[in-house]
Amino acid sequence: MNKPSPIQFCKSADGTAIAFTVTGTGSPLLWVTLQYTDNDLMAPGPASQHWMEALAMRHTVIRFDMRGCGLSERNPSRMSLDAWVEDMEAVVHASGLTQFALMAVCTGSYAAIEYAARHSARLTRLVVYGGSVRGRLKRDLNAAQRDDALSALQVYESGLDGRSEFAASFRRIFTVQFLPGASSEQLEAIGNIVGQRMNGSIAARSVREFYGLDLGARAPLIQTPTLVLHARQDLLYPLAEGQKLAALIAGSRFVPVESNNNTPLAEEEAWPVVRDMVLEFLGDGRTSTAPAQTARLTVRQRDVLRRVAQGQTDKQIARALSLSPRTVEMHVGAALKALGSQTRAQAAHRATQQGLL
């Protein structure tokens, strides 16, 4: 990351120009963040640079500017989930990717979930950090929270357009929601980069689209080994949203992170832990050699197997998980079949070896 990578361009399905870069060496990893980050293609800012440096040491990282953002076409005719997925498909094709890992952060999770639902066979691994399966207006909000969400649209538009004397303050409000733990200097740097990458009109259009998305029926179609990480004190994307996403993807792993930032900053204690966990999960990028069924263990099956590995009886597990012993037995049986095991001990051992517990 010491020098900028060459900028390349491709055309999305509707002809929209999409800019992308290829950095690093190793197995391919497509990074998706959509618009609202400082992940500038030529010079990533304080919230992105440490991610790029860590990932590019082991992977060939493909980054791109979604439509309406950065060096891609700034005033596209369409801003929709289908359009964003088409942008991803265009970059994948232009980069010559056949199988690759996919990592999505924040609002990038929406397009990544839909892409993975359509193209699971192409993905070796899926990582989602600080994302959500449903937009803000599709969550369980009270009247005040709904009003706040709609008011935020005006802040985004005015702040990023710089059309009033309060624009700089509005940009700060916009940025601090994602990174409340950032320093004043970091917030200013990130806000300046985001302000240069898009205008207020595009921000408002895309946020309106995000708000109305619900991918609850799409996430269960994903058949890719998946790691979901989420900050415990995330303001915009509550922890429950990450848990909901992980519960919908069979066999996924969910990890809460001790942070109040949407993604960890380099100075946080959580960062090296998160970095190492993501790199270990991504591995060398090869398709898993574990039986395909292991990716289909449900969250409940993993909960039960975890307690089996601890030596608990069906009655003890049932009491701890508020289930009937018969239901516990059914979950154990399904897990045995999924893992190709003959005994409970063997199933627990295999699940542990494969990182499912």
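The values are calculated or read from the model by the stated rules, or taken from the named source; none is laboratory data. Please read these numbers as outputs of a predicted model, since none were measured by experiment. A quick note on method: Cβ atoms are made from the backbone with ideal geometry, for glycine too, and the neighbour counts reach across all protein chains shown. We work out accessible area using only protein heavy atoms, side chains counted, and drop any ligands, DNA or RNA first. Shrake-Rupley method; radii C 1.70, N 1.55, O 1.52, S 1.80 Å.
Enclosing the Cα atoms of segment 21-61 in their convex hull gives a volume equal to 58 cubic angstrom per residue.
Pop the C-beta distance of S183 and R300 into the FRET formula with R0 = 41 Å and round what comes out to the nearest 0.05. Here the calculated transfer efficiency is 0.45.
Atom-type composition of the exposed protein surface of segment 66-113 places 46 percent of the accessible area on carbon and sulfur (1.4 angstrom probe).
Multiplying the residue separation of D14 and T343 by 0.36 nm and removing their Cα-Cα distance gives an extension gain of 113.1 nm. When a 1.4 Å probe is rolled over the protein heavy atoms, the share of accessible surface on segment 222-272 that falls to carbon and sulfur comes to 53 percent. Length gained on full extension, S151 to N260, computed as 0.36 nm times the residue gap minus the Cα-Cα distance: 37.0 nm. Looking at the chain, the pairs of alpha carbons with a distance over 28 Å make up 44% of the total.
Take the chain with all the other protein chains still there, run a 1.4 Å probe, and you get 43 Å² of accessible area per residue.
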